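> One structure, as structure tokens, below. Some questions next.
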Amino acid sequence: MSDDHTHVQEFFTARAAGWDRRFPHDGPAYAAAVTELGLRSGDRVLDAGCGTGRALPPLRAAVGPSGVVLGADLTPAMLEEAVRAGRSRDGQLLLTDVAALPLRTESLDAVFAAGLIAHLPNPTENLRELARVVRPGGTLALFHPIGRAALAARQGRRITPDDLRAEANLEPLLAGAGWRMTSYVDEDDRFVALAEREG
């Protein structure tokens, strides 16, 4: 396991048990972001870096009983919390690295990724792996329940010009990984960047 993976697992393992209690009001923001993905009944969707699975219920509601919902995360403790919260009923949980997904090429219609991009060790390669598993024309939502400025303030830091989530940085990053950015919103109460898989 790489140092990056070890760091991510240590960070989230230490926080898993109290994660949902720390952010109890994020549910509506997750549901709104899932709506923006434009999923249809029967679609196949991955929650990449699913954590405690907060997106799984709205993803299941969007694709219905005939759809497929997968939640992938690197940290066992986060997936254990998803199971405790009953969210494993809404999707199949996979203990895996989103940089090397055990999924067939072009097997999904969409990927939802909440808070993921800041934890990717090789963003271009990792976003390319997400593109690999999505069909051409499929969608990606990079999401955070608060905007970049609000998140920086919460963490006691300033936004820097090299922030990957800045529109000027994110658009070419996505393009280099096989995605075309179609929408970008960065407000205090949400961050959502939508992209379409080129092909």
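The values are calculated or read from the model by the stated rules, or taken from the named source; none is laboratory data. Just so it is clear, the model here is predicted, and its values are computed rather than measured. Every residue, glycine among them, receives a Cβ derived from its backbone with ideal geometry; neighbour counts consider all protein chains shown. The area values use the complete protein model at the heavy-atom level, side chains included, leaving out ligands, DNA and RNA. Shrake-Rupley method; radii C 1.70, N 1.55, O 1.52, S 1.80 Å.
> Only residues in segment 144-172 that are in contact (Cβ under 8 Å) with a residue 24 or more places away in the chain count as the first member; pair them with residues that are open to solvent by 60 Å² or more (accessible area, probe 1.4 Å) and among the small types (Gly, Ala, Ser), Cβ under 8 angstrom, at least 6 apart or cross-chain, and list the lot.
Close Cβ pairs (under 8 Å, with a partner that is open to solvent by 60 Å² or more (accessible area, probe 1.4 Å) and among the small types (Gly, Ala, Ser)) amount to Leu164/Ala118; Arg165/Ala118.
> If you take the residues of segment 50-72 that are touching a residue at least 40 places away in the same chain (Cβ under 8 Å) and open to solvent by less than 20 Å² (accessible area, probe 1.4 Å), which of them is farthest from the chain's Cα centre (by Cα)?
Only one residue tops the list, namely Leu59.
> Taking the condition surrounded by fewer than 24 Cβ atoms within 10 Å (Cβ to Cβ), under 15 Å from Leu108 (Cβ atoms) and not hydrophobic (A, V, I, L, M, F, W, C), does Asp47 pass? Show your work before the answer.
Details: surrounded by fewer than 24 Cβ atoms within 10 Å (Cβ to Cβ): no; under 15 Å from Leu108 (Cβ atoms): yes; not hydrophobic (A, V, I, L, M, F, W, C): yes.
No; evaluated as a whole, the condition is false for this residue.
> Report, ordered by the first and then the second residue, all pairs with beta carbons closer than 9 Å, sequence separation of six or more or different chains, a first member in segment 22-37 that is part of a loop (DSSP other than H, G, I, E, B), and a second member that is polar (S, T, N, Q).
Leu37/Thr139
> Give the residues of segment 142-162 that are open to solvent by 20 Å² or more (accessible area, probe 1.4 Å) and closer than 19 Å to Glu125 by Cα, sorted by residue number. Reasoning before the result, please.
Of all residues in segment 142-162, those open to solvent by 20 Å² or more (accessible area, probe 1.4 Å) come to 144, 146, 148-150, 153-162.
Of everything in segment 142-162, just one residue is open to solvent by 20 Å² or more (accessible area, probe 1.4 Å) and closer than 19 Å to Glu125 by Cα, namely Asp162.
> Then there is this: Out of Arg40, Arg87, which single residue is of a type in the set (Lys, Arg), in contact with a Ser or Thr (Cβ under 8 Å, 6 or more places away or on another chain) and farther than 24 Å from Pro121 by Cβ?
Arg87
> Considering segment 152-190 alone, what residues qualify as being in contact with a helix residue (DSSP H, G or I) (Cβ under 9 Å, 6 or more places away or on another chain) and assigned to a helix (DSSP H, G or I)?
Leu170, Leu173, Leu174, Gly176
> So for segment 98-109 (the condition being closer than 21 Å to Phe143 by Cα and in contact with a Ser or Thr (Cβ under 9 Å, 6 or more places away or on another chain)), does at least one residue qualify?
Yes, some residue in segment 98-109 is closer than 21 Å to Phe143 by Cα and in contact with a Ser or Thr (Cβ under 9 Å, 6 or more places away or on another chain).
> Restricted to segment 73-126, and to residues that are free of Cβ contacts under 8 Å to residues at least 12 places away in the same chain and part of a loop (DSSP other than H, G, I, E, B), which residue is least open to solvent (accessible area, probe 1.4 Å)?
Gly86
> Tell me, which residue of segment 9-63 that is within 21 Å of Glu196 (Cβ to Cβ) and among the charged types (D, E, K, R) is modelled with the lowest pLDDT?
The qualifying residue modelled with the lowest pLDDT is Glu36.
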